Amino acid sequence: MSEIRGSDIRGSDAATPLPPLIEVIRRHGLDPKKQLGQNFLLDPRLTAKIARATGSLDGIHVVEIGPGPGGLTRALLDAGAAQVVAVERDDRCVAALGELVAAYPGRLSIRPADALKTDPASLVPAPRRIVANLPYNIATPLLIGWLRNITAYDALGLMFQKEVADRLTAAPRSKAYGRLSILTQWLCEADAVFDIPPGAFYPPPKITSTVVRLVPRRQPLAEARFEDLERVTAAAFGQRRKMLRASLKTLGRDTDRLVATAGVTPTARAEELTVEEFCALARALSAG
Ligand SMILES: C[S@@+](CC[C@H](N)C(=O)[O-])C[C@H]1O[C@@H](n2cnc3c(N)ncnc32)[C@H](O)[C@@H]1O
């Protein structure tokens, strides 16, 4: 593990000095597991930058998903989060984080759980944020679950593989524009904040990563039901090269009537429609 760059404790708010992360990894035998998406960030300048990606954390209750050895966790606490609750599935990491809990009395707790089966909003009071270097294999289902209850959060600062981040922020008529762009932008302002190259991680993944800031809108861009918007976007982008009057047939409705009610062009392709136009299709679907 000679390529690991160690963290140091300068500037830390910990009540007791903390060992470098490399030491935590060695002592607790945290050999990274691919199936848990374990690519650890050990550079304290980068973790500090991620912790600040959503702005000041003063008075904010943060849920971190997948703390691993605790690099980002330390940064969140040092950035002034009122409280951090970290959800981790790997028992080895949970054990390793005990020292960190003791070093920040009353501010950090670890929840040994599967994030896919956990509602972050139930773990901390408002104002709350989710900040995480997400396990890439489950990042998209996690985000879709959080979007369903997005008003519970004042912001989310999340690291995704760049390809997914591009989809979250994509504009109509671009290659990355799709179902994830629409569901996300319908409910949030989404910005890519900065990229992190593979070499910053232990072990290095094959891809570049991007930190995305999501700020829930006061009101969704247009009225629609989540399930209906999911259904129309899945149908339209399931066959993105086809015209809508053909691709929407999988919905089992009179497609000509559906597009006429929504006021969209039947010969348009999915990637040409704005978020508001997809919402109109979703409303037409629920109107029957
Ligand atoms: C990309 S690593 C990030 C680790 C650490 N936050 C960092 O930045 O170095 C993803 C973390 O998510 C954890 N994880 C993977 N699947 C999970 C799940 N379903 N629920 C909770 N944690 C999970 C992994 O064990 C790992 O610690």
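Using +1 on the beta carbon of Lys and Arg, -1 on that of Asp and Glu, and nothing else charged, what's the dipole of the chain about the Cα centre, debye to 20?
Numbers: 38 positive and 31 negative charges, 147 e Å.
The calculated dipole for the chain is roughly 700 debye.
Determine, from the Cβ-Cβ distance of THR267 and ALA171 and an R0 of 25 Å, the FRET efficiency 1/(1 + (r/R0)^6), rounded to the nearest 0.05.
Working: r = 21 Å, r/R0 = 0.84.
So the FRET efficiency works out to roughly 0.75.
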Residue separation times 0.36 nm, minus the C-alpha to C-alpha distance between GLU223 and LYS34: what's the value?
64.0 nm
The percentage of Cα-Cα pairs in region 226-287 separated by more than 20 Å is 6 percent
By the C-alpha gyration tensor axes a ≥ b ≥ c (rounded if a/c is under 1.5, else prolate when a/b exceeds b/c, else oblate), the shape of region 88-225 is oblate
If packing is taken as the average number of other Cβ atoms within 10 Å across a peptide's residues, how do 66-77, 99-110 rank, most packed first?
66-77, 99-110
Top positive-direction residue, dipole computed over region 1-140 with Cβ charges, set ILE130, LEU18, GLY71:
ILE130
Determine the gain in length on full extension of the stretch ARG45-ARG240; use 0.36 nm per residue of separation and subtract their C-alpha separation, reporting nm with one decimal.
66.1 nm
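How high is the FRET efficiency from ALA14 to LYS117, r the C-beta distance, R0 35 Å, rounded to 0.05? Kindly include the intermediate steps, with their values, before the conclusion.
Numbers: r = 31 Å, r/R0 = 0.88.
Calculated transfer efficiency: 0.70.
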Of TYR153, VAL193, PRO141, which is farthest along the charge dipole of region 132-275 in the positive direction, counting Lys and Arg as +1 and Asp and Glu as -1 at C-beta?
PRO141
Would you please give the residues with an amide H less than 5 Å from that of VAL212, counting only those at least 5 places away or on a separate chain, with H modeled from the backbone geometry?
LEU158, MET159, PHE160, VAL193
Cut-off under 19 Å on the C-alpha distance; same-chain residues fewer than 8 positions from LYS242 excluded. Which lysines are left, in chain and number order?
LYS175
Over the chain, give the accessible area per residue in Å² for a 1.4 Å probe, as an integer.
45 Å²
Expected 222 nm ellipticity per residue - DSSP helices of 4 or more, -39500 (n - 2.57), all of the chain, to 500
-9500 deg cm²/dmol
Go through ALA280, LEU244, ALA262 and say which Cα lies farthest out towards the positive end of the charge dipole of region 226-287; charges sit on Cβ, +1 for Lys and Arg, -1 for Asp and Glu.
LEU244
Is the chain best put as rounded, prolate or oblate by its Cα gyration tensor, with a ≥ b ≥ c the root eigenvalues, rounded for a/c under 1.5, and otherwise prolate when a/b is larger than b/c, oblate when not?
prolate
Lys and Arg at +1, Asp and Glu at -1: add these up for the other residues within a Cβ distance under 14 Å of PRO127 and post the number.
0
Once the in-chain neighbours fewer than 8 apart are removed, the lysines whose Cα is under 28 Å from LYS49 read LYS33, LYS34, LYS162, LYS206
Counting Lys and Arg as +1 and Asp and Glu as -1, what is the net charge of the other residues whose Cβ lies under 9 Å from the Cβ of ALA14?
-1
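Using only the Cα atoms of region 59-154, build the gyration tensor, take square roots of its eigenvalues as a ≥ b ≥ c, and label the shape rounded, prolate or oblate: rounded if a/c is under 1.5, else prolate if a/b is larger than b/c, else oblate. All intermediate terms of the calculation are to be shown ahead of the outcome.
Values: a/c = 1.92, a/b = 1.21, b/c = 1.58.
Since a/c reaches 1.5 but b/c is at least a/b, the shape of region 59-154 is classed as oblate.
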How big is the gap, in Å, between the Cα center of region 102-160 and the Cα center of region 161-212?
18 Å
Peptides ranked, highest mean first, by Cβ atoms within 10 Å: ranges 190-197, 91-98:
91-98, 190-197
Environment charge at GLY80 (Cβ cut-off 12 Å; Lys +1, Arg +1, Asp -1, Glu -1)
-1
When the accessible area of the chain is split by element with a 1.4 Å probe, what percent falls to carbon and sulfur?
49 percent
Let me know the whole percent of all Cα-Cα pairs from region 169-270 that are separated by more than 21 Å.
47 percent
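Work out the length of the dipole vector of region 118-224 about its Cα centre, built from +1 on the beta-carbon of each Lys and Arg and -1 on the beta-carbon of each Asp and Glu, and round it to the nearest 20 debye.
Details: 12 positive and 8 negative charges, 30 e Å.
Dipole of region 118-224, to the nearest 20 debye: 140 debye.
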Magnitude of the charge dipole, region 70-161, Cβ model with Lys/Arg +1 and Asp/Glu -1, debye to 20:
140 debye
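The values are calculated or read from the model by the stated rules, or taken from the named source; none is laboratory data. Model, not experiment: these values are computed from the prediction. No Cβ is skipped: glycine too gets one built from the backbone with ideal geometry, and neighbour counts run over all protein chains shown. Note: accessible area is taken over every heavy atom of the protein model, side chains too, but ligands, DNA and RNA are not part of it. Shrake-Rupley method; radii C 1.70, N 1.55, O 1.52, S 1.80 Å.
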